[in-house]
1. Would region 72-87 turn up any residue that is in contact with a helix residue (DSSP H, G or I) (Cβ under 6 Å, 6 or more places away or on another chain), of a type in the set (Lys, Arg) and in a helix (DSSP H, G or I)?
2. Could you tell me which residue of region 117-144 is farthest from Gln44 (Cα to Cα), considering only residues that are open to solvent by 100 Å² or more (accessible area, probe 1.4 Å) and at pLDDT 90 or above?
3. Against the condition at pLDDT 90 or above and surrounded by fewer than 16 Cβ atoms within 10 Å (Cβ to Cβ), how does Tyr90 come out, does it pass?
4. I'd like the full set of residues that are open to solvent by 90 Å² or more (accessible area, probe 1.4 Å) and touching a Pro at 6+ places or on another chain (Cβ under 9 Å), limited to region 57-78.
5. Applying the selection to region 30-53, what residues are assigned to a helix (DSSP H, G or I) and of a type in the set (Ser, Thr, Tyr)?
6. Where residues in region 33-56 are farther than 23 Å from Val104 by Cα and touching a Phe, Trp or Tyr at 6+ places or on another chain (Cβ under 9 Å), which of them is surrounded by the fewest Cβ atoms within 10 Å (Cβ to Cβ)?
7. I need the full set of residues from region 61-87 which are free of Cβ contacts under 8 Å to residues at least 24 places away in the same chain and within 15 Å of Leu35 (Cα to Cα), in order please.
8. Can you pull out the residues in region 103-116 that are among the hydrophobic types (A, V, I, L, M, F, W, C) and loosely packed, with under 14 Cβ neighbours inside 10 Å?
Amino acid sequence: MTSPQNTEEKKAPTPEEEAQAAPARHGLVLILLILASVLTFTYQLPFKLAAIGFAIAAVVWSVKYIVAVVKTKQRRNMSLGILGGLLSVYLIFSTMSSVILWPVQSKYEECLRDAITQQAQLSCTSEYQSGLGDWFKQVTGQDLDLPGTN
């Protein structure tokens, strides 16, 4: 049993040890931000906007991670920062496309939520494609030719 007055003192880490541990800390935060962004991306539309915030934070944190990796000369670990940043940028653009198509997308999500049968889900998809075509025609003045539709 150890006594309450432990004679061993824990030494504070040196600045060099802290610098060597920085990539691991930054990597953990980066992974958590990416995970939060991916999870919130799967929510329905008003809550899906949180994915943009997490993804922007992940892009910033991936830059911090890459800088920490370069400073400590651990370049073999740089792939996490690069892939994390690219995935976050992809999630930003994907979420922004849902925001741009908000009226059509929210109607589709509501329809799918209420659909019980596969036929109802197919009907929702058909309505979504026609709504997407109408939106595209309204914005560009041209018809949208989706593959697989007549």
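The values are calculated or read from the model by the stated rules, or taken from the named source; none is laboratory data. Owing to the predicted nature of the structure, the values given are computational and were not obtained by experimental measurement. Positions of Cβ are backbone-derived with ideal geometry, glycine not excepted, and every protein chain shown enters the neighbour counts. Heavy atoms of the whole protein, side chains included, go into the accessibility calculation; ligands, DNA and RNA do not. Shrake-Rupley method; radii C 1.70, N 1.55, O 1.52, S 1.80 Å.
1. No, region 72-87 contains no residue that is in contact with a helix residue (DSSP H, G or I) (Cβ under 6 Å, 6 or more places away or on another chain), of a type in the set (Lys, Arg) and in a helix (DSSP H, G or I).
2. Ranking the candidates gives Gln119 first.
3. Details: at pLDDT 90 or above: yes; surrounded by fewer than 16 Cβ atoms within 10 Å (Cβ to Cβ): yes.
The answer is yes for Tyr90.
4. If the condition is that a residue be open to solvent by 90 Å² or more (accessible area, probe 1.4 Å) and touching a Pro at 6+ places or on another chain (Cβ under 9 Å), then Lys71 is the only one that fits.
5. Step one: of region 30-53, the residues assigned to a helix (DSSP H, G or I) are 30-41, 45-48, 50-53.
Those that are assigned to a helix (DSSP H, G or I) and of a type in the set (Ser, Thr, Tyr): Ser37, Thr40.
6. First pass over region 33-56, keeping only residues farther than 23 Å from Val104 by Cα: 33-36, 54-56.
With touching a Phe, Trp or Tyr at 6+ places or on another chain (Cβ under 9 Å) added as a condition, the list becomes 33-36, 54-55.
Details: Leu33: 22, Ile34: 24, Leu35: 12, Ala36: 17, Phe54: 23, Ala55: 28.
The extreme case among them is Leu35.
7. Pass one, region 61-87, residues free of Cβ contacts under 8 Å to residues at least 24 places away in the same chain: 63, 66-67, 70, 73, 75-76, 78-79, 82-83, 86.
Listed by number, the residues that qualify are Leu83, Leu86.
8. Of everything in region 103-116, just one residue is among the hydrophobic types (A, V, I, L, M, F, W, C) and loosely packed, with under 14 Cβ neighbours inside 10 Å, namely Ile116.
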